[in-house]
Amino acid sequence: MLILAVLAVAWTCSDRACPAAEKTAHTRKPLPSAAEIAKLPADGGKEFNRLIHEKSPYLLQHARNPVNWYPWGPEALARAKKEGKPIFMSVGYSTCHWCHVMERESFETEAVAAILNEFYIAIKVDREERPDLDQIYMTATQMLSGHGGWPNSLWLTPAGKPWYAGTYFPPNDKFGRPGFKKILNQLARAWTAQNAEILKRSDEIAARIKRYTSGKTRGVASGELSYKLLENATKIMSMTIDPKMGGFGRAPKFPPHSSLQLLLGEYARTRNDRLMKMSDITLGAMADGGIHDHIGGGFHRYATDPIWLLPHFEKMLYDNAQLARAYAEAYGLTGKERYKRVAMGIYKWVLREMTDRGGGFYSALDADSAGEEGLFYVWTRKEVVAILGEKEGSEFCKAYGFADGGNFVEESTGKKTGANIPHVPIGAKGDDKRFATARDKLLARRVKRIWPYKDDKILTSWNGLMIESLACGGRIFKDPKLTAAAEKAAGFVLKNMRKNGRLLRTYRNGSAKLNAYLDDYAFLGIALVELHRTTGDKKWLTEAASLADTMLKHYADPQAGGFFFTSSDHEELLSRTKDPFDRAVPSGNAVAVRLLVELGDLTGQAKYRDAAGKSLKAFLPFMERSPRGLETMLHAAGRHLETAPPEPEITTRPAADAVAKNGPVKIEAFAKTRTASPGESIDLVILITIDKGWHVNSNKPLAKGLIATALKMQGGKTLKLTGVGWPKAKEAKFGFADQPLSVYEGVVRVAANIKIAADHPLGPVKAVLTLTAQPCSNTACLAPVEHKLPLAINIVKTE
């Protein structure tokens, strides 16, 4: 069984864990002009292959390979079927280090090209242009090999069904494993000798992929949508966080975008200091580390070590969009100037280096320059002193952790290179403003170096992330330049990346193409909502609603709820995927829910809120079982709960279990039951009734120094108040304040529950709820008042 023997020795290294490759400079000849390319034959002619007619920077990198590459499409698939050949498909992206290595070692060589061209139909895929293919075929590789990464290398039947897969393959045998040339030859023989077995196996794999990626719920939810889900997720975070260096789990460490969004959102709702502490540790350690580009601003893709020092140097638009927003929101919640400096450093980098003249944002900067990873970003002490002078240069090197012999360790060999990655040493004072001028001088020198490759395609979804981030930053920092950049980019995408009312995925060199995906609609839609919030311009809200309507029409699953990744009129693939999980970018399903929640809240249209609720119900079992994988969905669920319409005014109701009245504010507590067993919870409804002509500050006042309305409980260590859900507040202007205030008026309904510890003794116990509120009229405020509600509870034995 030849195929089984080959499978047993498959290479399955990931993009960050491959054997050391020979280091050689990789230079590319300039491509012909657009006019010259237009004159070339369809197959590229003698010097090029078919990829020369593509727009993708990644595919164009391979246009001179001697491999007879095809882009994914009908031509390649039809030829494979006609000739009965298997397909070799390579999936990657332009800033992928190991994609470059495999190209240099294999795809640029005549020996490998000869095998591929004789026995296979070779297809190249840019995973950023075609995330639909990437999702399906990365699932296949993980199923077949147990690992994943890029380049993703797959062997397919002419019908596109996978039967063998791996990631990076060295050209020749190494470490007792076969090299790429040997595997190509063995699998070509297997295709002929074991064709029936391979076709049967590929059918089974394709069926498994379809089941796995369908998003169908396995099992049913055990509870209802509530704040308990969010509290459970943050509790798990507290158990997995690195208490010294932040982040979650072991190295390699990726910026935890979705975790930070959930933590900051929950801190804003609850003011639980534990949540801000986790955020603060992580944000601070990342800002200090080498993953942060201290000279030019922005962040690299991930850190290979637990202290955020040694990064993988590529810089991605989606990382920086999400991180800039996290730092901006953290500044808005804490007022810490350091967070503002980090966020502004990201925005300045994006506007300086990653912005098209039309306003759209480019995708990424490569990790490599002149054939070496990180060369553009590292420094020797001698270089720094030559630029800054001996005194300032020495001080800079000390402040930014330069080591004798360098601190930059080459990942593949473990050897020091003699160069240094600027970072703030552990325990040192972070982000010293003294060196702002020095950093500018070093940046001015750095731009004269050989640049990393820039992927200048403009993707709708990633632009949505950055537009949302800039709009948020513009509002929080009161910076019109950021807001203007967000508006310009939004206008660019809506003008240039939309056809017949439908979005397109990618734009480059004056043209846009490819059907958009769920992420494109959801990310751009929520960005336009954010722009509306910042500018007050209703046109952005109207455009967001239009995108949501198209999303509901072409992407929604009307039976089960949730959204498919591809549209109803997309080309037919092995699977129409539906994924609730966060990846490097947030889940498209989760952002779609958030978009619908915000539109329902802002427009008052029930169709949006109803669709959001249906999706949340569909994914509730996932939120219960895998909260760390669905943090964006949980954040959207929190907004759904927070923006719930007010309960109808209660005309007849049972007597309250506890009542307190002090001045113009009355508080009543209604308990579903006052008898419970250890380990159980008691659901509460707190009604706050405020006399006409009066108001209280909301739980999240807009201005510093105002007293927030807060609810707490005294009941010892074995009784805890959890799941406090505050309704949406009203923004209003009053005579005693210059700016609008966030307030509650009339009757306010607050949901909460009392969690009883498993070791709570049996018998009666008294819990005391305390509501702190500051009543104000239109002209003046009274002193804050604590309203105390004693609540008698009986703890009984579980029957």
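The values are calculated or read from the model by the stated rules, or taken from the named source; none is laboratory data. This one's a predicted model, so the numbers in the text were calculated from it and none came from an experiment. Cβ coordinates were reconstructed from backbone atoms using ideal geometry, including for glycine residues, and neighbour counts include every protein chain displayed. For the accessible areas, the whole protein counts, side chains as well, though only heavy atoms, and no ligand, DNA or RNA atoms are used. Shrake-Rupley method; radii C 1.70, N 1.55, O 1.52, S 1.80 Å.
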Exercise. Give, in nm to one decimal, the length gained when the segment between SER238 and GLN559 is fully stretched (0.36 nm per residue of separation minus the Cα-Cα distance).
Key: 111.9 nm
Quiz item: So between THR542 and LYS692, what do we pick up on full extension, going 0.36 nm a residue minus the alpha carbon distance?
Solution: 50.5 nm
Quiz item: Ordered by residue, what ³J(HN,Hα) values in Hz, to whole numbers, does the stretch 197-208 give under the Karplus form 6.51 cos²θ - 1.76 cosθ + 1.60, where θ = phi - 60° and Gly and Pro are x?
Solution: 5, 5, 4, 5, 5, 5, 4, 5, 5, 4, 5, 5
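Assuming 1.306 mPa s and 10 °C, estimate D for the stretch 153-211 with Stokes-Einstein, Rh taken as the Kirkwood radius over Cα pairs, in µm²/s.
Numbers: Rh = 12.4 Å.
Rounded, D is 128 µm²/s.
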Quiz item: Bin by bin, in steps of 5 Å, what percent of the Cα pairs in the stretch 586-636 do you find, going until the bin that has the longest distance?
Solution: 5, 25, 30, 22, 12, 5, 1
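Say the cut-off is 25 Å between C-alpha atoms; which of LYS336/LYS429; LYS39/LYS448; LYS617/LYS728; LYS216/LYS495 go over it?
Numbers: LYS336/LYS429 14 Å; LYS39/LYS448 35 Å; LYS617/LYS728 22 Å; LYS216/LYS495 36 Å.
Long pairs (Cα-Cα over 25 Å): LYS39/LYS448; LYS216/LYS495.
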Practice problem: List the residues of the stretch 343-365 whose backbone N lies under 16 Å from a point placed 7 Å from the Cα of TRP451 along the Cα-to-Cβ direction. | Solution: 349-365
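Rg/Rh for the stretch 429-542 to two decimals, with Rh computed the Kirkwood way over all alpha-carbon pairs.
Details: Rg = 17.4 Å, Rh = 16.0 Å.
Rg divided by Rh gives 1.09.
Relative contact order (percent) for the stretch 447-585, with alpha-carbon contacts under 8 angstrom and 6 or more residues of separation?
About 22 percent, as a whole number.
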Quiz item: What whole-number value in cubic angstrom gives the convex hull volume per residue for the C-alpha atoms of the stretch 29-133?
Solution: 106
Quiz prompt | Degrees separating the helix 390-399 axis from the principal Cα axis of the chain, which is the longest one | solution = 70
Exercise. Largest first and to the nearest Å, give the Cα extent of the stretch 57-210 along each principal axis.
Key: 35, 33, 31
Quiz prompt | Binned Cα-Cα distances of the chain, short to long, each 10 Å bin given as a whole percent | solution = 2, 12, 21, 24, 19, 12, 6, 3, 0
Self-check item: Gain on full stretching of the segment that runs from LEU199 to LEU702 - 0.36 nm per residue minus C-alpha separation
Solution: 174.8 nm
Quiz item: Does anyone have the angle between helix 480-496 and the longest principal axis of the chain? Alpha-carbon axes, 0 to 90°, nearest 10?
Solution: 50
Practice problem: Project the alpha carbons of the stretch 542-643 onto their principal axes and report the range along each, largest first, in whole Å. | Solution: 38, 32, 26
Quiz item: What FRET efficiency do you get for ALA42 and LYS730 if R0 is 41 Å and r is their Cβ-Cβ distance, rounded to the nearest 0.05?
Solution: 0.05
Self-check item: C-alpha long axis of helix 631-642 to longest principal axis of the chain, angle in °
Solution: 30
Exercise. Please give the per residue accessible area of the chain, computed with a probe of 1.4 Å over protein heavy atoms only, in Å².
Key: 42
Practice problem: Please give the residues of the stretch 370-402, grouped as numeric ranges, whose backbone N is less than 15 Å from a label point set 7 Å along the Cα-to-Cβ vector of LYS348. | Solution: none
Self-check item: Value at 222 nm in deg cm²/dmol, rounded to 500, when DSSP H runs of n ≥ 4 in the chain each add -39,500 (n - 2.57)
Solution: -12500 deg cm²/dmol
Quiz prompt | Radius of gyration, Dmax [the stretch 120-228; alpha carbons; angstrom] | solution = 17.3, 58
Self-check item: trypsin sites (Lys or Arg not before Pro) restricted to the stretch 432-524 and DSSP loop, no more than 16 other C-beta within 10 Å
Solution: LYS448, ARG449, LYS478
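Which GluC sites (Glu not before Pro) in the stretch 32-111 sit in a loop by DSSP (not H, G, I, E or B) and have at most 13 other Cβ atoms within 10 Å of their own Cβ? Before the final figure, lay out the partial values.
Working: sites: GLU36, GLU47, GLU54, GLU75, GLU83, GLU103, GLU105, GLU108, GLU110; in loops: GLU47, GLU54, GLU108.
Counting only loop positions with at most 13 other Cβ atoms within 10 Å, the GluC sites (Glu not before Pro) in the stretch 32-111 are GLU47.
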Quiz item: Average projected area of the Cα convex hull of the stretch 192-324, in nm²?
Solution: 12.8
Practice problem: Using only the alpha-carbon atoms of the stretch 497-586, report the extent along each of the three principal axes, biggest first, to the nearest angstrom. | Solution: 43, 35, 28
Quiz prompt | Sites excluded, chymotrypsin sites (Phe, Trp or Tyr not before Pro) in DSSP loops with at most 16 other C-beta within 10 Å, longest stretch of the chain | solution = 176-735
Quiz item: Expressed as a whole percentage, what fraction of the accessible surface of the chain belongs to carbon and sulfur atoms when a 1.4 Å probe is rolled over the protein heavy atoms?
Solution: 53
Quiz prompt | the stretch 463-523: proportion of alpha-carbon pairs further apart than 14 angstrom, % | solution = 57
